[in-house]
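Participant: Sharing a structure with you now.
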Amino acid sequence: MRFYNENIYPWLVTTLGDPEPIKEVRERIIPLAQGTVLEIGVGPGVNFVHYDPSRVSRVYALEPNPGMIRLAEQHRRQTDLKIEFLDLPGERIPLEDRSVDTVVSTFTLCTIPGAVEAIRGIGRVLRPGGKFIFFEHGLSPDPSVQRWQKWSEPIPHWLFEGCHVTRDIPSLITSGGFQMEQMETAYLAPFPKSWTYCFWGAATPRSQ
């Protein structure tokens, strides 16, 4: 299982994880990040080239998978950004309270076991006025697609290291203490629709 996790899974994500419709959304939302940035679940690092170096002073790249980090190092060499990789000790983000201006998550909340707790941790490290930029896939509003999602979920759960395609992403974000600032949704691929209903936008902690 370790071989799959550190070798096959990173290759699979790299091969399938950034088709043109998804890349177009990344190109729109990642440049919105500013200041000191925490990106959770960096994966192979495909977001690095989309950050605006004139707006971002540093990126803390949180990724516990050594195979993903090897791939992300290659993307880091394509940018002048100051990037520091972080491991995840337990469930706590290894940064001080109110230490970052922007948190970015792309296709990460679907795999985190305690998603609401993780989102609360994001709120903890954000400075006043900070933003959470997200791009995730999850539960479709279409009942017929939902049935396929529930039926097929064991497949992406196995292939993509615990991925859940039936998570209600907006509900998780608000349950974690955030309010939506903006959000868009769409199916980003015609097949399989059950795995490609996506949410992207920005949220801020309700306490701000």
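Participant: Give the number of residues within the stretch 42-52 that are modelled with pLDDT of 95 or more, assigned to a loop (DSSP other than H, G, I, E, B) and over 16 Å from residue 86 (Cβ atoms).
Facilitator: Within the stretch 42-52, residues that are modelled with pLDDT of 95 or more, assigned to a loop (DSSP other than H, G, I, E, B) and over 16 Å from residue 86 (Cβ atoms) number 2.
Participant: Quick one: residue 54 ticks every box in (1) under 30 Å from residue 139 (Cα atoms); (2) free of Cβ contacts under 8 Å to residues at least 12 places away in the same chain except a single one, so which number is it?
Facilitator: The single condition residue 54 does not satisfy is (1).
Participant: In the stretch 122-208, which helices (runs of 4 or more DSSP H) lie fully inside it and hold 2 or more residues that are under 25 Å from residue 100 (Cβ atoms)?
Facilitator: In the stretch 122-208, 169-175 are the helices (runs of 4 or more DSSP H) which contain 2 or more residues that are under 25 Å from residue 100 (Cβ atoms).
Participant: If the requirement is being under 20 Å from residue 202 (Cβ atoms) and either in a helix (DSSP H, G or I) or of a type in the set (Asp, Glu) (or both), which of these qualifies: 103, 116?
Facilitator: 116
Participant: Further question: Just the residues that are surrounded by 16 or more Cβ atoms within 10 Å (Cβ to Cβ) and either basic (Lys, Arg) or at negative phi (or both), please, taken from the stretch 167-184.
Facilitator: Listed by number, the residues that qualify are 167, 169, 170, 172, 173, 174, 176, 178.
Participant: Sort out which residues of the stretch 86-100 are among the hydrophobic types (A, V, I, L, M, F, W, C) and either part of a loop (DSSP other than H, G, I, E, B) or at pLDDT 95 or above (or both), and write them in order of number.
Facilitator: Within the stretch 86-100, 88, 93, 95, 100 meet the criteria.
Participant: Does residue 112 count as surrounded by 22 or more Cβ atoms within 10 Å (Cβ to Cβ) and either touching a residue at least 40 places away in the same chain (Cβ under 8 Å) or more than 24 Å from residue 197 (Cα to Cα) (or both)?
Facilitator: no
The values are calculated or read from the model by the stated rules, or taken from the named source; none is laboratory data. Source: prediction; values computed, not measured. We place every Cβ from the backbone using ideal geometry, glycine too, and count neighbours over all the protein chains shown.
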